[in-house]
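A.B. asks: So that we are looking at the same thing, I have put the structure below in structure tokens.
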Amino acid sequence: MTELKNITVLGTGVLGSQIAFQGAFHGFSVTAYDINDEVISKAKARFAQLADIYVADNVGGAADGGAQRALQNITYSTDLAEATADADLVIEAVPENLELKREIYTKLAAVAPAKTIFATNSSTLLPSDLKDFTGRPDRFLALHYANHVWRQNTAEVMGTTDTDPAVYQAVVDYAVASGMVPIELKKEKAGYVLNSLLVPLLDAAAELVVGGYADPETVDKTWRIGTGAPLGPFQVYDIVGLTTAYNISSANPSPLAQRFAKLLKEEYIDKGKLGTATGEGFYRY
Ligand code: NAD
């Protein structure tokens, strides 16, 4: 399998912008695709912000011109055929909606060259849900990043039973070459590795607090001292963001999740405490 050099990222939102910038920072030629010029101009502002963040976070070489060079490695497009004309790898990071993603893959399959590998960054859909719309199930898999890709630099690689092992390996190699730590899944699993571990921990922490057994500080202290982990689950909630936590809990009909959603809304979100992003959540920063 030849090396993947030209990368196209579909969607320049929270994750798509980070995925594109990370590739560009590591010297790849990246095309950022989104639906219209207005969104693309917002994307340019996001990329400029990421350049500053890489410098502020001391990402290797960012301050010595690396962040500025990354910006020069990105081109922009609102035309899917043009954006993918010479793409070795397309990473899809459009909103988490099955119908929308199926529509995008149907369009992509019609315009992208036969050589192009497609990867979805979906957090909750399995690549099997999408593979029949790609026109190339052997060249399709999931490549799942975590928010703040330059710091939380896992890249979970997960194929379907149709994915060609050489394609899988080429994507693992791209992950390494773009500064990520590949997390190789041997078969499909909802939640990949990270969320399969993290979600039950966060749920258990919520249950302890909602049930009145312990307060967030006690839960976190227990986890830190008892396991040596640097952060407790409520510190993780603050990083994830309490709006995201609320959206997940409120969509879950279980009584526990509903009680946790109510707590998040009334005690935190309605008071502007959204987590580290606003300087206060379960903790003050
Ligand atoms: P987002 O809403 O921030 O960004 C989505 C982007 O897709 C927007 O720029 C939007 O204009 C664009 N878009 C909409 N329709 C499009 C289309 N038809 N073609 C191309 N682009 C289109 O979403 P996000 O949080 O970046 O999530 C994107 C994907 O990444 C989802 O599948 C999500 O599960 C996954 N993900 C998100 C996170 C996270 O923390 N936000 C973490 C890991 C994975």
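The values are calculated or read from the model by the stated rules, or taken from the named source; none is laboratory data. Bear in mind that the values here come from a model prediction, so they are computed numbers and not experimental data. Methodologically, a virtual Cβ is constructed for each residue, glycine included, from the backbone with ideal geometry; neighbour enumeration extends over all protein chains shown. What goes into the accessible areas is simple: the full protein's heavy atoms, side chains included, and nothing from ligands, DNA or RNA. Shrake-Rupley method; radii C 1.70, N 1.55, O 1.52, S 1.80 Å.
A.B. asks: Quick one: would you say Ala155 is open to solvent by less than 10 Å² (accessible area, probe 1.4 Å), under 18 Å from Ile19 (Cβ atoms) and at pLDDT 95 or above?
C.D. replies: yes
A.B. asks: Somewhere in the stretch 217-229, is a residue in a loop (DSSP other than H, G, I, E, B), in contact with a helix residue (DSSP H, G or I) (Cβ under 7 Å, 6 or more places away or on another chain) and not charged (D, E, K, R)?
C.D. replies: To start, the set of residues in the stretch 217-229 that are in a loop (DSSP other than H, G, I, E, B) comprises 228-229.
Narrowing the set further to residues that are in contact with a helix residue (DSSP H, G or I) (Cβ under 7 Å, 6 or more places away or on another chain) leaves 229.
With not charged (D, E, K, R) added as a condition, the list becomes 229.
Within the stretch 217-229 (the criterion being in a loop (DSSP other than H, G, I, E, B), in contact with a helix residue (DSSP H, G or I) (Cβ under 7 Å, 6 or more places away or on another chain) and not charged (D, E, K, R)), the answer is yes, since at least one residue qualifies.
A.B. asks: Is it the case, given these coordinates, that Ala87 is among the small types (Gly, Ala, Ser) and either without any contact (Cβ under 8 Å) to a residue 12 or more places away in the chain or more than 10 Å from the ligand (Cβ to nearest atom) (or both)?
C.D. replies: yes
A.B. asks: Next question. Determine whether Thr75 is in a helix (DSSP H, G or I), of a type in the set (Ser, Thr, Tyr) and over 20 Å from the mean Cα position of the chain (by Cα).
C.D. replies: Considered against the rule, which asks whether it is in a helix (DSSP H, G or I), of a type in the set (Ser, Thr, Tyr) and over 20 Å from the mean Cα position of the chain (by Cα), Thr75 comes out as no.
A.B. asks: Considering (1) of a type in the set (Gly, Ala, Ser); (2) within 16 Å of the ligand (Cβ to nearest atom); (3) without any contact (Cβ under 8 Å) to a residue 40 or more places away in the chain; (4) open to solvent by 50 Å² or more (accessible area, probe 1.4 Å), say which one Ala175 fails and leave the rest.
C.D. replies: For Ala175, the failing item is (4).
Matching residues to (1) within 11 Å of the ligand (Cβ to nearest atom); (2) part of a loop (DSSP other than H, G, I, E, B); (3) not assigned by TED's automatic domain parsing to the domain that holds Asn36:
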site: Glu96; (1), (2), (3): yes, yes, no
site: Tyr105; (1), (2), (3): yes, no, no
site: Ala109; (1), (2), (3): no, no, no
site: Ser123; (1), (2), (3): yes, yes, no
site: Ser128; (1), (2), (3): no, no, no
site: Gly135; (1), (2), (3): no, yes, no
site: Asp138; (1), (2), (3): no, no, no
site: Ala142; (1), (2), (3): yes, no, no
site: Val149; (1), (2), (3): yes, yes, no
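A.B. asks: Across the stretch 1-53, which residue is surrounded by the most Cβ atoms within 10 Å (Cβ to Cβ) among those that are over 18 Å from Tyr105 (Cβ atoms), charged (D, E, K, R) and within 16 Å of the ligand (Cβ to nearest atom)?
C.D. replies: Arg46
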